[in-house]
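Please read the structure below before turning to the comments.
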Amino acid sequence: MIKFSERQLKTPKFMRPVYLVTAGQSKYARAIPEKRTEELCVDALTMAAEMLNLTPTELKRYIHTCYYGHFADHFGDQLLGEAVIHDRLGLDPLGNIGVKSGGATGGSTLWEAAKAVASGYSDCVLAMGWERMDEVPTDEGNFLIASAADRDWESPMGQIYTGYYAVMAQKYWQVFGKAEASFRRTLAEISVKHHDYARFNPFAHGGMKITTDDVLVSPMVADPLRALDCCLMSVGAACAILCDEPTAMELTRNSKNKPLRIWVTAGSHTLRPADRRDMEIPLLPHEAADQYKDLAKEFPGGDRYPGFTGFLAARMAAYYAYHMAGITDPMEDLDVIELHDAFTISDVQTYEDIGLRPYGQGRDFVESGDCYHKNPLTGRPGRLPSNLSGGLIGCMHAVGASGIMQVFEIATHLWGRWAEIHSDEKRWKEFGREKPEDWTDLQVKGAKRALSISHAGVGSHVTATILMDPDHLLKKDA
Amino acid sequence: MSSYGQVQVKNGRYKFRGDFHRLEQNMPIRDADDNWKLVGVTKPRDMTYVHTYGGEAIFFESLSQGKLLATKCENPACESNGSIFQPFRIHCPDCLSKNTVIDMTDVAKKTATIHTYMVCERSGAFNMLDKPIRFINIEFQGVSTILFSYLLVGEPQIGMRVVPVFKHYNPTYTILDLSWAPAGTQLEALPEGFGF
């Protein structure tokens, strides 16, 4: 049984407010043989500068330290890749450091960057993430990804990470999904939604108009997950600039970007799911002490927490983030979210971990229509639209960049710039993509608060990033 | 003349003998859609890593002898005192004292049950298992964790009773020497070299 001390559950506190002022990203694709990684990073930083109506040179003059998220050195065959990127961005001799935490690398990079500003060490920092997974054959790529599992206890078994994750998916499918065809169809709806939203995102490379039937007949990967239930493998880069208040005001004075308050928190759990011990469910602010007393009765086999069905790291990241930013009910307090949809089923698991629905009830977030930009049941705006970028399933999963891409996306809603950025004909053309005739504006009107979740593998690391319009804070001393 | 790379420990140091890598020429990568312009090069490489098992060595050695070892926290001052860990943990995750090694082969034979599973048709490079791979996680009575392994014969189901299978002949000294079979499986049903 894991027990937490009060000190461990302390609400994190920044020493001063931290602001997101701009962000940028490169094109994402399965392969980009025509560009080196540093070219993609230059693209991302240049875009971030343009969002502020500055040149890259002007923006760089503000940057004091740099945090670089890049997960898989062995994919790129380059140790100290951070030094390469830092040099090519012309940021020497500023201090920089690499951050690695699997699929959560992007979020973890923001976590470190935010703390650098919050502590007063720096007034302006660059958080840049990238990945390229196109430079090895697929089976060797699977081998390299499997290296993120325990090298002696897990990786020798098939060298296939999907399999290590899928045992968890299977447990959730049978216990909380009750292996129902209706639940399987709900999972397929997530895939349809994310591929469809990606069609309106010029940066995305998985946009498709598909049906739930298409998902249900796509090739089986690991029962019940099929090819269209799984995230993309991608190449690309994303960045964000975080500042203290005076610097944020100065940098945004000639821009449409309003400085956004940012909080980033993190949780973790064992690398091997095998090591996860039983414990009581840590409660979020809107959950009641006896809320889960009948969980095992309602869902036989669901008596173990987190077992193989919940992600404790996600719950803890949300726990810290909600208390830190003053969120008492995420469904009420947030306007738009981006979740780490590595698989359709993990998307559902995350709804529960971060409290959008109680444990066991995650599917209702989709079935109610709450997760859509426009609720298909009511024709009205969805209550809490999720993954309007297309997520990892429809937009991209360039691992080190993914968590920063998510923040870029939710920020564009809070800035009211989603349509401007995603409809730009020049950008569609530059990326060699055809803008769909039915391109749809997915701006969440009036969005003031947003959340993104960045998640590693089987749940070893998870970060929660919250953005808020500073005129719509929930807590005075946050 | 080449020979397989072999490693021994002598005088507290690794001694490497034989060939640990082969040299292969790189090849140009050209764009078939753009006048065969140069895009990059391949970089072939074949390397051998060394993994030390440290305090877990006894676990992997014992698999080849048909024994499944676990560990137990016996620190009376620890709130996890009495917890049994499988996977084998050298130290208690709570008090960090060195755990006691115990033989849990009989417990496994009598109480092992499939907690969850996955049948996987794919594998990565350098995979040594036959496909499809039947991944299983196994819970044991009195053990606080849930071991990840694979089902050697049969089709998995949640709640199925299973028994440990050991690779007696030509062991690999890796986790692949341990697998599982549905309870009641006869020895003749196992592939050659495996036994209970």
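No lab work stands behind these numbers, since they all come straight from the coordinates. Predicted model only: the values in this text are computed from it and were never measured. So basically every Cβ, Gly included, is an ideal-geometry build from the backbone, and we count neighbours across all protein chains shown.
Only helical DSSP H runs with n ≥ 4 go in: add -39500 (n - 2.57) per run for chain A, normalise by residue count and round the 222 nm mean residue ellipticity to 500 deg cm²/dmol.
Details: 19 runs with 169 residues, N = 478.
That calculation yields -10000 deg cm²/dmol at 222 nm.
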Top of B:Ile29, B:Ile158, B:Ile114 by mean-square fluctuation, Gaussian network on chain B, Cα under 10 Å: B:Ile29
Phi to ³J(HN,Hα) by Karplus 6.51 cos²θ - 1.76 cosθ + 1.60 over region A:312-327, Hz, x for Gly, Pro: 4, 4, 5, 4, 6, 4, 5, 4, 5, 5, 5, 5, 5, 9, x, 7
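Which longest run of chain A has no exposed loop site in it, a site being trypsin sites (Lys or Arg not before Pro) in a DSSP loop with at most 11 other beta carbons within 10 Å, and the site itself not part of the run? It would help to have the intermediate numbers written out before the result.
Values: sites that count: A:Lys3, A:Arg7, A:Lys10, A:Lys13, A:Arg61, A:Lys209, A:Arg253, A:Lys293, A:Lys445, A:Lys476.
Free of exposed loop sites, the longest segment is A:294-444.
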Estimated translational D of region A:141-221 in µm²/s (Stokes, Kirkwood radius over Cα pairs; 25 °C; 0.890 mPa s): 166 µm²/s
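Count neighbours as other Cβ atoms within 10 Å of each site's Cβ, and list the GluC sites (Glu not before Pro) in region A:387-460 that are DSSP loop with at most 14 such neighbours.
In loop regions of region A:387-460 (DSSP not H, G, I, E or B), the sparsely surrounded GluC sites (Glu not before Pro) are A:Glu434, A:Glu437.
Enter the mean number of other protein chain beta carbons within 10 Å of the beta carbon of each residue in A:275-286, as an integer. Mind showing how you got there, number by number?
Details: counts 10, 3, 8, 3, 0, 0, 0, 0, 0, 0, 0, 0.
Shielding by partners across A:275-286 averages 2.
With the alpha-carbon atoms as the only input, what is the per residue convex hull volume for region A:56-144 in Å³?
Details: hull volume 7.9 nm³, N = 89.
Convex hull volume per residue, Cα atoms: 89 Å³.
Any of A:Lys178/B:Lys109; A:Lys27/A:Lys171; B:Lys10/B:Lys167; A:Lys435/A:Lys476 with alpha carbons more than 31 Å apart? Name them for me.
On the way: A:Lys178/B:Lys109 29 Å; A:Lys27/A:Lys171 36 Å; B:Lys10/B:Lys167 28 Å; A:Lys435/A:Lys476 43 Å.
Violating the 31 Å Cα-Cα cut-off are A:Lys27/A:Lys171; A:Lys435/A:Lys476.
Give me the inter-chain shielding for A:163-173: mean count of other chain Cβ atoms within 10 Å, whole number please. List each step's numbers first, then the result.
Numbers: counts 13, 5, 1, 6, 12, 3, 2, 8, 6, 1, 1.
Average neighbour count from other chains, rounded to a whole number: 5.
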Calculated from backbone phi, Karplus (6.51, -1.76, 1.60) coupling profile of region B:63-79 in Hz, x at Gly/Pro: 4, 5, 9, x, 10, 10, 9, 9, 10, 9, 7, 10, 7, x, 8, 8, 5
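For the cross-link pairs A:Lys293/B:Lys67; A:Lys13/A:Lys258; A:Lys445/A:Lys475, which exceed 28 Å when the distance is taken from alpha carbon to alpha carbon?
A:Lys293/B:Lys67
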Ratio Rg/Rh [Cα only; Rh per Kirkwood] for region B:54-190: 0.98
From phi via Karplus (6.51, -1.76, 1.60), per-residue ³J(HN,Hα) for region A:275-282 in Hz, x at Gly/Pro: 8, 7, 8, 5, 7, 6, 6, x
Cα-based Kirkwood hydrodynamic radius, the protein assembly as shown, one decimal, Å: 26.2 Å
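In peptide B:126-138, how many Cβ atoms from other protein chains are near each Cβ within 10 Å, on average?
Details: counts 9, 10, 4, 5, 0, 2, 3, 5, 1, 10, 1, 9, 1.
Counting Cβ atoms of other protein chains within 10 Å of each residue's Cβ and averaging gives 5.
How large is the convex hull of the Cα atoms of region A:264-472 per residue, expressed in Å³ as a whole number? All intermediate terms of the calculation are to be shown ahead of the outcome.
Numbers: hull volume 26.7 nm³, N = 209.
Taking the convex hull of the Cα positions in region A:264-472, it is 128 Å³ per residue.
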Simple label model, 7 Å out from Cα along Cβ direction - B:His91 to A:Met279, nm: 1.8 nm
